[in-house]
Structures are given as C-alpha cells and as structure tokens.
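S.K.: What follows is a single structure, and I will ask about it in a moment.
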Amino acid sequence: MGSESEFLQRLKRQGHKTWHAQDAVVEHFIRDYQMDESWLLKRAIRFGRGQLRLLRASNPEEVSRWLGVPRRCFLRMIKRLMRIAAAWLKSDEKRMLVARWELNCLWGNVVEARLLRRQH
C-alpha cells in the first residue's frame, strides 16, 4: 500500500508537477471477504508499513529510534491499547475497531522498521 503516493513523491523529487483531479471517477471493487474485521485489521498493518516507508523516503532522519523502530511508536501503541481497553469496558464496538485499526497501523510501522533495519 502507498505505491501511488511513493510514485508521486518520486516524480516531485525529479521536478515534475502532480495535481489532484477532483472530478476523476474511479471504481473500487470490494469483495465480501474485505468486509471481514480480520481482513481489515491485516490491511491496517500493511497500511502502517507503507506509511513508514513513505515517511522514511521523504525524511530519512525524522526521529530517534530504538531497535530500528521510531520511539514515538511505543507510547502511541500504549495509548491505543488503553483506548481499546476503555472501548471494551464500555462495549463500544465502533471505538474499539478504530483503536484496533490505529494499533495495527502502528504495528505495521514496527514491522517495517525492523525489516528496514535488517536490510541495512
């Protein structure tokens, strides 16, 4: 995930201009299994991995790291775990899903950071 954004960033670095066509019409095919919560949460991990790669491409020295992982991820993960617990206690399924999505995005950051660390 994020390949289109990465491509546009690469074009910009090469001096090309990009723009957003607000009136463009696109179609997305959403399959039944993509409505499943477990699939959605796995997508959050892929999204987090892609976001970290985009961040590193645009600003490779952005933050301090611990074991290759941006330190900010750890505190944010604890906060998301607390949000999940609070939503669970209130039986608020929507807030719990949002917090789980955010936690999985952060987990994707961690997974990608560790992979990038091993590659270097």
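None of the figures in this text is laboratory data; all of them are computed from the coordinates on show. Since we're looking at a predicted model, the values are computed, not measured. Reconstructed Cβ throughout: ideal geometry from the backbone, glycine too, with neighbour counts over all protein chains shown.
S.K.: Note the listed values (1) 13, 45, 34, 8, 0; (2) 12, 32, 32, 21, 3, 0; (3) 12, 33, 20, 12, 10, 8, 4, 1, 0, then indicate which one is P(r) over Cα pairs in 10 Å bins from 0, in percent calculated from this particular structure.
M.R.: (2)
S.K.: For the chain, what does -39500 (n - 2.57) per DSSP helix run (n ≥ 4), summed and divided by total residues, give at 222 nm, in deg cm²/dmol to the nearest 500? Intermediate values should be presented prior to the final figure.
M.R.: Values: 4 runs with 78 residues, N = 120.
Using -39500 (n - 2.57) per qualifying helix, the result is -22500 deg cm²/dmol.
S.K.: If you don't mind, another one. Can you find, among L106, L40, I78, the residue farthest towards the positive end of the dipole of the chain? Put +1 on the C-beta of Lys and Arg, -1 on that of Asp and Glu.
M.R.: Farthest along the dipole direction, towards plus: I78.
S.K.: Starting from the Cα of R46, step 7 Å along the direction of its Cβ; do the same at A21; then give the gap between the two resulting points in nm.
M.R.: 2.5 nm
S.K.: What lysines does K42 reach when the alpha-carbon gap must be under 21 Å and sequence neighbours fewer than 8 apart in one chain are set aside?
M.R.: List returned: K79, K94.
S.K.: Let me ask something additional. For region 15-120, give the magnitude of the charge dipole about the Cα centre (Cβ charges: +1 Lys/Arg, -1 Asp/Glu; no others), in debye to the nearest 20. Please list the in-between numbers first.
M.R.: Details: 22 positive and 11 negative charges, 127 e Å.
Approximately 620 debye in magnitude.
S.K.: For the residues D23, D36, D92, what sequence is obtained by ranking on other C-beta atoms within 10 Å, fewest first? Show your work: numbers first, answer last.
M.R.: Details: D23 4, D36 11, D92 14.
Ascending number of Cβ neighbours within 10 Å: D23, D36, D92.
S.K.: If the chain between R118 and R31 were fully stretched, how many nm would it gain, using 0.36 nm times the residue separation less the Cα-Cα distance?
M.R.: 27.8 nm
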